[in-house]
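One structure below.
The values are calculated or read from the model by the stated rules, or taken from the named source; none is laboratory data. Since we're looking at a predicted model, the values are computed, not measured. As a convention, Cβ positions derive from the backbone with ideal geometry for all residues, glycine included, and neighbour counts pool all protein chains shown. Calculation scope for accessible area: heavy atoms of the full protein, side chains included, ligands and nucleic acids excluded. Shrake-Rupley method; radii C 1.70, N 1.55, O 1.52, S 1.80 Å.
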Amino acid sequence: MVTGSLTVEGVLADAGPDSVVAVRGGVTARGVFTDGEMSVDGDIEADVVYGYYNDNTLQAGTVRARLVIEDEHATIASVEADLHFDLDEFQQGHGAGVQEQLRELLVDEVFAVDEDEDEGKGKEMMDRGLLFARLREGLPVFRTDAQAEAH
């Protein structure tokens with residue numbers, strides 16, 4: 001529990017489905033990943049906010065991010081995002097047009113062949129592990145940022 005606001009230079013992540021994170025202020029981070037219960041009384045400001053796992057929720061005032069993904073993890077908040085996939089749209093990454101939209105936004109390095117899913121065998125999909133590894137390392141995850149860094 002954090003009794004005020006929280007600023008994280010890299011990624012704020014909880015400790016799994018049985019964890020609870022409570023922040024009584026707002027959160028600012030490069031990335032926010034939750035597969036547990038996360039409650040933020042204020043707003044969340046991040047590049048990427050990703051909720052994973054179906055037994056918990058992410059609650060906040062407003063989530064402002066370039067990319068918000070609700071991967072079977074409900075977000076109870078107002079969402080202001082360049083790209084937002086809600087519970088119905090994402091469908092574990094197999095929703096209609098999801099990978100194509102992610103491909104337009106994100107760098108190639110966050111995509112990998114999906115060997116786990118029968119229907120996705122051999123298909124390159126966005127890999128949340130690769131995405132959050134790059135966020136933790138401070139590397140670009142968005143195409144526009146990567147292009148600007150190369151110049």
Within the range 15-31, residues in a loop (DSSP other than H, G, I, E, B) and either within 21 Å of Q91 (Cβ to Cβ) or open to solvent by 30 Å² or more (accessible area, probe 1.4 Å) (or both) come out as A15, P17, D18, R24, R30
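Conditions tested, residue by residue: (1) part of a strand (DSSP E or B); (2) of a type in the set (D, E, K, R); (3) in contact with a helix residue (DSSP H, G or I) (Cβ under 8 Å, 6 or more places away or on another chain); (4) modelled with pLDDT of 95 or more.
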site	(1), (2), (3), (4)
F33	yes, no, yes, yes
G42	no, no, no, yes
A60	yes, no, no, yes
V63	yes, no, no, yes
E70	yes, yes, yes, yes
T75	yes, no, no, yes
S78	yes, no, no, yes
H84	yes, no, no, yes
From the option list V40, V8, V63, V2, single residue qualifying as under 19 Å from E89 (Cβ atoms) and aliphatic (A, V, I, L, M) is V63
Among (1) among the basic types (K, R); (2) in contact (Cβ under 8 Å) with a residue 40 or more places away in the chain; (3) over 23 Å from S5 (Cα atoms), R134 falls short only on (2)
Checked the range 89-118 for anything open to solvent by less than 20 Å² (accessible area, probe 1.4 Å), of a type in the set (A, V, I, L, M) and in a helix (DSSP H, G or I); matches are V98, L102, V110
Output for Cβ contacts, cut-off 8 Å, separation at least six or different chains, first residue closer than 17 Å to L130 by Cα in the range 90-108, second among the β-branched types (V, I, T) and part of a loop (DSSP other than H, G, I, E, B), reads L106/V141; V107/V141
Scanning the range 70-86 residue by residue, those touching a residue at least 24 places away in the same chain (Cβ under 8 Å) and either crowded, with 18+ Cβ neighbours inside 10 Å or basic (K, R) (or both) turn out to be H73, T75, A77
V68 meets each of (1) over 22 Å from F142 (Cβ atoms); (2) in contact with a Leu (Cβ under 8 Å, 6 or more places away or on another chain) with one exception, condition (1)
